[in-house]
1. When residue 73 is evaluated against the numbered criteria (1) outside any loop (DSSP other than H, G, I, E, B); (2) of a type in the set (Val, Ile, Thr); (3) within 22 Å of residue 44 (Cβ to Cβ), which criterion, by number, is the only one it fails?
2. Since residue 125 meets every condition but one in (1) surrounded by 22 or more Cβ atoms within 10 Å (Cβ to Cβ); (2) touching a strand residue (DSSP E or B) at 6+ places or on another chain (Cβ under 9 Å); (3) within 18 Å of residue 154 (Cα to Cα), which condition does it not meet?
3. Among 110, 61, which is the only one that is over 20 Å from residue 143 (Cβ atoms), among the basic types (Lys, Arg) and surrounded by 15 or more Cβ atoms within 10 Å (Cβ to Cβ)?
4. Within the range 120-127, does at least one residue satisfy the condition of being within 16 Å of residue 18 (Cβ to Cβ), at pLDDT 95 or above and of a type in the set (A, V, I, L, M, F, W, C)?
5. Since residue 119 meets every condition but one in (1) among the aliphatic types (A, V, I, L, M); (2) touching a Lys or Arg at 6+ places or on another chain (Cβ under 9 Å); (3) without any contact (Cβ under 8 Å) to a residue 12 or more places away in the chain, which condition does it not meet?
6. How many residues, within the range 137-163, are buried (at least 19 other Cβ atoms within 10 Å of the Cβ), small (Gly, Ala, Ser) and over 18 Å from residue 41 (Cβ atoms)?
7. Among the residues of the range 95-116, which ones are free of Cβ contacts under 8 Å to residues at least 24 places away in the same chain and of a type in the set (Asp, Glu)?
8. Return only the number of the condition from (1) more than 28 Å from residue 12 (Cβ to Cβ); (2) at pLDDT 95 or above; (3) among the small types (Gly, Ala, Ser); (4) not in a helix (DSSP H, G or I) that residue 95 does not satisfy.
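The values are calculated or read from the model by the stated rules, or taken from the named source; none is laboratory data. Worth saying up front: this structure is predicted, and the values here are computed from it rather than measured. Every residue, glycine as well, gets a Cβ built from its backbone with ideal geometry; the counts of neighbours run over all protein chains shown.
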Amino acid sequence: MSAEQHRQFASAVLGFAVLTVSDSRRPENDTGGRTIREMTEAAGHRVEDSTLVRDDVPAIRAALRNLLALPGVEVVVVTGGTGFSPRDLTLEAVGPLFDRRIEGFGELFRMLSYNQVGAAAMLSRAAAGLIGDRAVFLLPGSPKAVALAMETLILPEAGHLLSQARRSPAG
């Protein structure tokens with residue numbers, strides 16, 4: 001089957017959770033998290049939960065596990081902590097939890113980012129993977145970067161990704 005044919009079998013409505021990782025953001029100025037929530041709902045999906053956590057490996061892991069434990073959550077989008085500053089720990093916290101990495105996500109995100117920010121795109125450690133049969137995307141904190149990833153990669157392909165990940169081995 002072609003990718004288009006596979007997409008026809010994908011769930012039209014998914015349950016999303018949003019995790020903002022930041023030492024400086026508060027709910028009132030969490031522009032990255034707000035962007036994810038607004039774009040998710042505008043695309044017809046559900047936002048099951050949204051939380052904010054400091055840049056700390058145990059705190060990030062605990063928050064992610066709590067979101068993944070919610071019954072309606074199929075996709076978690078994490079914003080923040082994917083750069084190279086000493087406090088950017090999202091990849092260190094979440095990367096080891098991935099059962100399967102989605103290598104193409106980071107590659108495509110950096111390629112698309114290059115068109116917006118030039119060579120600075122290489123400083124992004126955006127990544128994605130599956131934890132069980134749920135997708136987790138790690139994005140920068142910039143609302144512009146979040147919007148780019150949501151519009152061009154996550155929202156168009158999350159359903160297709162999950163339908164593939166959940167196929168039986170014989171199918």
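1. Unmet for residue 73, out of (1) outside any loop (DSSP other than H, G, I, E, B); (2) of a type in the set (Val, Ile, Thr); (3) within 22 Å of residue 44 (Cβ to Cβ): (1).
2. Among (1) surrounded by 22 or more Cβ atoms within 10 Å (Cβ to Cβ); (2) touching a strand residue (DSSP E or B) at 6+ places or on another chain (Cβ under 9 Å); (3) within 18 Å of residue 154 (Cα to Cα), residue 125 violates only (1).
3. Matching residue, one of 110, 61: 61.
4. So far as the range 120-127 goes, yes, one or more of its residues are within 16 Å of residue 18 (Cβ to Cβ), at pLDDT 95 or above and of a type in the set (A, V, I, L, M, F, W, C).
5. So residue 119 meets the others, but not (2).
6. The number of residues fulfilling the criteria is 3.
7. Within the range 95-116, 103, 107 meet the criteria.
8. It fails just one condition, (4).
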